[in-house]
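S.K.: Sharing a structure below in structure tokens format, with a few things to ask.
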Amino acid sequence: MTKRILLVEDTEDNRQIVRDLLDSAGFELIEAHDGAAGLAMAEEHKPDLILMDIQLPVLDGYETTRRIKADPALKHIPIIAVTSYALSGDQAKTRAAGCDDYIAKPFSPRQLLAKINAYLGD
Amino acid sequence: VVPGVHDSFALGAGPETTGLASDLQARDAELAEALEYQKAVSNVLAIISSAPAALESVLHDITAIAAELCEGFDATILLREGGNLRVGAHSGSIPLDFIAKPITPTWITGRAVLERAPVHVEDFSVAADEFPEGYELHRRHGHRTGLAIPLLHDGEAIGAFMIRRLEVRPFTPRQIAVLQTFADQAVIAINNATLLREIRQRTEQAEEALAFQTATSRVLNVISRSPSNLQPVLETILETACDLCGAYDGIVLFRDKDFLTVRAHRGPIPVDFDRWPLSRQWVAGRSVVDGVPVHVADLTAAGDEFPQGHKMSLRFGHRTILAVPLLRGKSAIGTLVVRRMEVRPFSDKQVALLQTFADQAVIAIENVRLFDQVQDRTARLQEALEYQTATSDVLNVISRSPSDLQPVLDAIVKTAARLCSAEYAFIARYEGGECRLAAANNLELAHIQYLARHPVSPNRDSVTGRVALEKRTIHVPDVLADPEFKRLDWQEVGKQRTVLGVPLLREGGLLGVIILARTDVQPFSDSQIELVTTFADQAVIAIANFELFDQVQARTRELQESLDYQTATSDVLKALSRSAFDLQPVLDTLVSTAVTLCRADKGFLSTLFEGRYRVQAAFGFSQEGIDWMRQNDIAPDQAGTLVGRVAIEKQAVHVVDVTTDPRYTWSEAVAAVDFRTGLGIPLLRDGLPIGVLSLVRTRPEAFTGKQIELVTTFADQAVIAIENARLLGELRAQSEVLAASVDELRMLGETGQAVSSTLDLKAVIDTIAQRSIELGQGHGCALFRYDRALREFSLWRSVGLPEADVAELKALRIRETETAMGRAISERQPISIHDLREAPSFPLRDATLRLGLRSVLIVPLLRADRAFGALVLWRRATGPFASRTVDVMQTFANQSVLAIQNARLFRQIEEKSRELEVASRHKSHFLANMSHELRTPMNAVLGFTEMMADGLYGPLPEKALKALERVQANGKHLLDLINDVLDLSKIEAGQLSLVFEDYALGQVVQTVMTGTESLARAKGLSLTAQIEDRLPIGRGDERRLTQVLLNLVGNAIKFTSEGSVEVTARGHGERFEIAVRDTGPGIAAEDQDRIFEEFQQVDSSSTRQKGGSGLGLAISKRFIEMHGGTLTVQSALGRGSTFVVSVPIRAGELVEAA
């Protein structure tokens, strides 16, 4: 069965990369442009994994993650934070918010795919 | 994991079709086997329990049973001994060509011990790789299958059980299980044996200790039983020592000066001397001389060392000898010797034991010595006490009746007679050439009467006469047997036979004789004679006392008089010291005391004042008399007056009667003051009469010599008092001056401190103004500022002026032409106005006059050619300012200028650093933001490029791929730059902190090598690392250290075109030292500092050529410095470069603690 991945990301270029990458890898991708939309889509579509940008309009990635992880119906979904914040403590902050994993921008598409496969692979 | 183990039961199970019969057969066989094993185990248990001590034979039996039962060709038990396994028991036909073998994993038994688990090898011939050592054994002895089972005790392997077969046939699990049981039993047997050995050892030790204990207590018993008798103790010690030390013979020798004396001997070996000279030539002698035990194994072979002892051994045949000194403190008082006929040295324990006995002997000796001493002392004490009591009785009487001699002499004769057991005793005083009875004890009346009638002359006829003649003690045991004794008539009355006579002598002169007599012949003892001598001395003392008593009484009267004078003098001195500042009471006391003590009627003291003698103190005069004297000063040349004459003659003048003395002419004085006798004493200082002390009597009565002397003393004291008062006055004046300047200095110092310690200018100026008022005794002080452009003064700070008026003054714009401050600035010197009312009217002058201020001192505030303003001090009084005040104010003005300048400079510095701080904050923030903003587009650039290169968008032509590679490389370089800039900005903003954790340096270097290997390979360079063995665990930020090393190795590869890059890591004291050496172009000396700066590479062309941000080294250096380490480079052009990182091994702890 095709795995469904939710991407929460406000930059079109970056969405395009992930879209092209995951299409070719055979995943189903759904997209949200801000944190609030991401939360709604997570509730509605119950994806198998969420890629979460941190710097987002409306609700930032930390808060969105906290809310998803507070929902008993959603908290099992693995969330990979994708952030260009490179200051010390960023990784710790995403963990504190409830993210399961972390990848820094700019990321290598190959590495991102490897990380996703680590969660969704057989 | 047990290699080669097969489950033989699983293999042996037949196919299902075999049926019940074969099943039954198998069960039977199994049962038989089990029974056999059972029997074997119980056999072994029986062996263990029957012979617990004979471990070797038990182990041997176990191996034999095991080999037989488990179908082994041999079985061996090996026991652990340090790092080896030693063969404990072996039985079977395979040879065993070693006794012990190191515990290594290279043979099965070694490995079984190491892993504490059974090791089973099915075929040694194919186990050469796994067990090289075991393979060797197989090659020598031909066995094929082997099993080793560790002997485990409390989880530790104490040995192993090894069983071998010559054919390839693995041991079955059941066999292994049985062998395991045998191993356990072997452990039990070994443990039993060990325990048994320990118990035996303990028992032996306990028995030995008990024997020693018993012996020691026996000796102590004897010591305590006979505290006063040494001999039994020494004999017991010898007996016990010989018994316990296994000696035939023992001797105790005591040191007696230069000899050793035999005190006790026990045993068959003769001792043919009682004493022998002390020397190191024989064993006993040496032990005493050296104070240490001397032990000779064979005396017959020790002729060189102990010539004397050697001779003795030849005579009596003893061979081994041990001498232990008897030590009191550090010196030997004797020695304890034991001897043996055969050569058999004493054990250490025996030597130690003998020393214990020696100590006990010393204790015993000490005990006896002390006991004797105590007894002797007690006896002597008792005697002394008795005599003491007697003597003190007599002394008591002497002290009770100082004025009466008789009771003393009575007491003496009585006590002497009693203590010396004499029939009677008497004292005769020697006066006028004859001895007459003065005191008697127990004399019959007839005897007393006889003596009264017959005084004794100094001659040899009688003991009394002889004592008087020879002035020495005479003891006649029997007067009737004494050829010289002629006074038979006396003997008839006195019945004396033994007579003791002792003279009473004072400074060689005879005062009398004390006689003790016994009516039977029984001489007096020495101590009795001595006692009587003491009594004689006491009698002399008593007589002397008595004579002195009269003299004393006379002297007492005299003493009383001088005491009165003394008291008076000290009264005066007291007055002197009480009122050191005030002369008058001293002089009053002097005069009144002098008058009283000298029984004068009146007295007065005049001092020289402006050339005339004036009355300064008087006693006994009426007020009119004093007034008259005050009005009549006396000139120093008035010879007709008492005072004048004293002043001229500079010595005491005594006018016994003014009415008859022709030289006294001042009749008015006689009339006005009413006196007849006068005494005048000069007060002389440096020979000059500064005053006169005069005493007068209203009736004519001369003063005695003593009185004149006394008044002279008083005059001297008056001089001292007057001098003291004068000096004190001067001192006080000087101290006041001194105190004032100390105050001034203190304030100046405080002001200076205020200037230098606070940057608050207002506080400084206020302090200065406050101090100005205090030191200049002013009422207001102010600092005016001068505006050079407007040429105006304005009030800035003030102290001492009412607040309302200050506001008014501050509002004034004071033109420089309308104030003296203008003049002070242009003349560059202080100006003072003594009376402001006389100064021309200007707004400031008028305002200060309204405040009641009358005079002013203005000091300009100047620095080089610049005028800052003026410091102004006002006073309410008119008049000039003291030059000291002007000086002080000038100092204050200088300090004010300094303070103003300091404050200005400080303000500038503060502003500058604030600006800097803001700028630096902006820069870091900007860099952080920029770095973040740049990452987002970089993600798209690098992401798309990678996916294109990976063919995600379909295959690309070769040329396009090459171009993509370039895009990717440049994109990554740009990202590196961004990352480095971010790191650097974080370091500068202090936002980057290290994460300290334990790390392994070898691991770090390995990571770096792995990461850079491909780069080096691509350039054809050799990349090697040397990591020192056993480096300690480091503490630091592993990620950053890795980053630094990556940077250094990356750089080395980047800049080296051929040759090698070599990394060495080692510990050096408290530091790790990691060196990265390359064979690149090298760096010129002048560039070596620059490369650690930001955006610097050796030249910009190389940057373009080699890539890199030029930030790597700068960041690396910072990281290393944050670890408390250093990053340095050694290089020369054409010689390659070596970068050396030196970091504290436990860096985190230092930094964290700091």
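Let's see how each residue does on (1) acidic (Asp, Glu); (2) in contact (Cβ under 8 Å) with a residue 40 or more places away in the chain; (3) on the phi < 0 side of the Ramachandran plot; (4) not in a helix (DSSP H, G or I):
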| position | (1), (2), (3), (4) |
| --- | --- |
| B:Ala594 | no, yes, yes, no |
| B:Phe604 | no, yes, yes, yes |
| B:Leu608 | no, yes, yes, yes |
| B:Tyr613 | no, yes, yes, yes |
| B:Ala617 | no, no, yes, yes |
| B:Phe621 | no, yes, yes, yes |
| B:Asp627 | yes, no, yes, no |
| B:Gln638 | no, no, yes, yes |
| B:Arg645 | no, no, yes, no |
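S.K.: If we scan segment B:156-166, do we find a residue that is at pLDDT 90 or above, of a type in the set (Lys, Arg) and either part of a strand (DSSP E or B) or in contact with a His (Cβ under 6 Å, 6 or more places away or on another chain) (or both)?
M.R.: yes
S.K.: Here's another thing I want to ask about it. For segment B:312-361, name all the residues that are part of a loop (DSSP other than H, G, I, E, B), touching a helix residue (DSSP H, G or I) at 6+ places or on another chain (Cβ under 7 Å), in contact (Cβ under 8 Å) with a residue 40 or more places away in the chain and not aromatic (Phe, Trp, Tyr).
M.R.: B:His318
S.K.: Being within 12 Å of chain A (Cβ to nearest Cβ), surrounded by 14 or more Cβ atoms within 10 Å (Cβ to Cβ) and either more than 30 Å from A:Ala25 (Cβ to Cβ) or in contact with a strand residue (DSSP E or B) (Cβ under 7 Å, 6 or more places away or on another chain) (or both) is true for just one of B:Met930, B:Met938, B:Met947. Which residue is that? Walk me through how you get there before you give the answer.
M.R.: Working: B:Met938 fails: either more than 30 Å from A:Ala25 (Cβ to Cβ) or in contact with a strand residue (DSSP E or B) (Cβ under 7 Å, 6 or more places away or on another chain) (or both); B:Met947 fails: either more than 30 Å from A:Ala25 (Cβ to Cβ) or in contact with a strand residue (DSSP E or B) (Cβ under 7 Å, 6 or more places away or on another chain) (or both).
Just one listed residue meets the conditions, B:Met930.
S.K.: Among the residues of segment B:521-542, how many are touching a strand residue (DSSP E or B) at 6+ places or on another chain (Cβ under 9 Å) and not in a helix (DSSP H, G or I)?
M.R.: 4
S.K.: Right, another one. When you scan segment A:73-93, do you find a residue that is in contact (Cβ under 8 Å) with a residue 60 or more places away in the chain, within 10 Å of chain B (Cβ to nearest Cβ) and not in a helix (DSSP H, G or I), even just one?
M.R.: Yes, there is a match, as at least one residue in segment A:73-93 is in contact (Cβ under 8 Å) with a residue 60 or more places away in the chain, within 10 Å of chain B (Cβ to nearest Cβ) and not in a helix (DSSP H, G or I).
S.K.: Tell me, please, whether a residue that is more than 18 Å from B:Ser896 (Cβ to Cβ), in contact with a strand residue (DSSP E or B) (Cβ under 8 Å, 6 or more places away or on another chain) and without any contact (Cβ under 8 Å) to a residue 24 or more places away in the chain can be found in segment B:761-777.
M.R.: Looking only at segment B:761-777, we keep the residues that are more than 18 Å from B:Ser896 (Cβ to Cβ), and these are B:777.
Those still in the list that are in contact with a strand residue (DSSP E or B) (Cβ under 8 Å, 6 or more places away or on another chain) too: B:777.
Restricting the remaining residues to those that are without any contact (Cβ under 8 Å) to a residue 24 or more places away in the chain gives none.
Checking segment B:761-777: not a single residue is more than 18 Å from B:Ser896 (Cβ to Cβ), in contact with a strand residue (DSSP E or B) (Cβ under 8 Å, 6 or more places away or on another chain) and without any contact (Cβ under 8 Å) to a residue 24 or more places away in the chain.
S.K.: Follow-up. Can you tell which of B:Leu500, B:Leu511 is closer than 12 Å to B:Ile474 by Cα and aliphatic (A, V, I, L, M)?
M.R.: Just a single option satisfies the conditions, and that option is B:Leu500.
S.K.: Sticking with this one: Any chance segment A:21-28 includes a residue that's on the phi > 0 side of the Ramachandran plot and within 14 Å of another protein chain (Cβ to nearest Cβ)?
M.R.: Yes, because at least one residue in segment A:21-28 is on the phi > 0 side of the Ramachandran plot and within 14 Å of another protein chain (Cβ to nearest Cβ).
S.K.: So which helices (runs of 4 or more DSSP H) stay within segment B:41-151 end to end and still have 2 or more residues that are among the basic types (Lys, Arg), within 60 Å of the chain's Cα centre (by Cα) and at pLDDT 90 or above?
M.R.: none
S.K.: Are any residues in segment B:447-468 part of a helix (DSSP H, G or I) and buried (at least 16 other Cβ atoms within 10 Å of the Cβ), and if so, which ones? First the steps, then the outcome.
M.R.: Within segment B:447-468, the subset part of a helix (DSSP H, G or I) is B:447-453, B:463-468.
Selection gives B:His447, B:Tyr450, B:Leu451, B:Val463, B:Thr464, B:Gly465, B:Arg466, B:Val467, B:Ala468.
S.K.: Something else now. Criterion first (away from chain B (no Cβ under 12 Å), within 11 Å of the chain's Cα centre (by Cα), farther than 28 Å from B:Asn979 by Cα and small (Gly, Ala, Ser)) does A:Ala32 satisfy it?
M.R.: yes
S.K.: Take segment B:1120-1136 and flag every residue that is of a type outside the set (A, V, I, L, M) and within 56 Å of the chain's Cα centre (by Cα).
M.R.: Answer for segment B:1120-1136, where residues must be of a type outside the set (A, V, I, L, M) and within 56 Å of the chain's Cα centre (by Cα): B:Glu1121, B:His1123, B:Gly1124, B:Gly1125, B:Thr1126, B:Thr1128, B:Gln1130, B:Ser1131.
S.K.: What's the number of the condition A:Asp100 fails, among (1) within 10 Å of A:Gly35 (Cβ to Cβ); (2) in contact with a Phe, Trp or Tyr (Cβ under 9 Å, 6 or more places away or on another chain); (3) modelled with pLDDT of 90 or more?
M.R.: (1)
S.K.: Any residue in segment B:1070-1085 that is on the phi > 0 side of the Ramachandran plot sitting within a Cβ distance under 6 Å of a residue that is of a type outside the set (Val, Ile, Thr) and crowded, with 18+ Cβ neighbours inside 10 Å? List the pairs, counting only those 6 or more apart or interchain.
M.R.: Within 6 Å, the pairs are B:Gly1082/B:Ser1131; B:Gly1082/B:Gly1136; B:Gly1082/B:Ser1137.
S.K.: Could you please find all residues in segment B:329-346 being of a type in the set (D, E, K, R) and buried (at least 21 other Cβ atoms within 10 Å of the Cβ)?
M.R.: B:Arg339, B:Arg340
S.K.: All but one of (1) away from chain A (no Cβ under 14 Å); (2) surrounded by fewer than 15 Cβ atoms within 10 Å (Cβ to Cβ); (3) more than 30 Å from B:Tyr786 (Cα to Cα) hold for B:Val1005; state the number of the condition that does not hold.
M.R.: (2)
S.K.: Name the single residue, out of those in segment B:266-301 being part of a loop (DSSP other than H, G, I, E, B) and more than 55 Å from the chain's Cα centre (by Cα), that is farthest from B:Leu253 (Cα to Cα).
M.R.: Taking segment B:266-301 first, the residues part of a loop (DSSP other than H, G, I, E, B) are B:267-274, B:278-282, B:291-293, B:297-298.
This time we only want the ones that are more than 55 Å from the chain's Cα centre (by Cα), so: B:267-274.
Values: B:Gly267: 15, B:Pro268: 17, B:Ile269: 15, B:Pro270: 14, B:Val271: 11, B:Asp272: 13, B:Phe273: 11, B:Asp274: 9 Å.
Ranking the candidates gives B:Pro268 first.
S.K.: Taking the conditions exactly as written (within 21 Å of B:Ile1053 (Cβ to Cβ) and more than 14 Å from chain A (Cβ to nearest Cβ)), does B:Arg1030 satisfy them or not? Let's see the steps before the verdict.
M.R.: Details: within 21 Å of B:Ile1053 (Cβ to Cβ): no; more than 14 Å from chain A (Cβ to nearest Cβ): yes.
Criteria not met by B:Arg1030.
S.K.: Exactly one condition in (1) surrounded by fewer than 17 Cβ atoms within 10 Å (Cβ to Cβ); (2) touching a residue at least 12 places away in the same chain (Cβ under 8 Å); (3) more than 14 Å from chain A (Cβ to nearest Cβ) is not met by B:Lys962; state its number.
M.R.: The number of the failed condition is (2).
S.K.: Looking at segment B:691-705, which of the residues that are touching a residue at least 12 places away in the same chain (Cβ under 8 Å) and surrounded by fewer than 20 Cβ atoms within 10 Å (Cβ to Cβ) is nearest to B:Tyr613 (Cα to Cα)?
M.R.: Of everything passing the filter in segment B:691-705, B:Thr698 is nearest to B:Tyr613 (Cα to Cα).
The values are calculated or read from the model by the stated rules, or taken from the named source; none is laboratory data. These numbers were taken from a predicted model, which means no experiment stands behind them. Every residue, glycine as well, gets a Cβ built from its backbone with ideal geometry; the counts of neighbours run over all protein chains shown.
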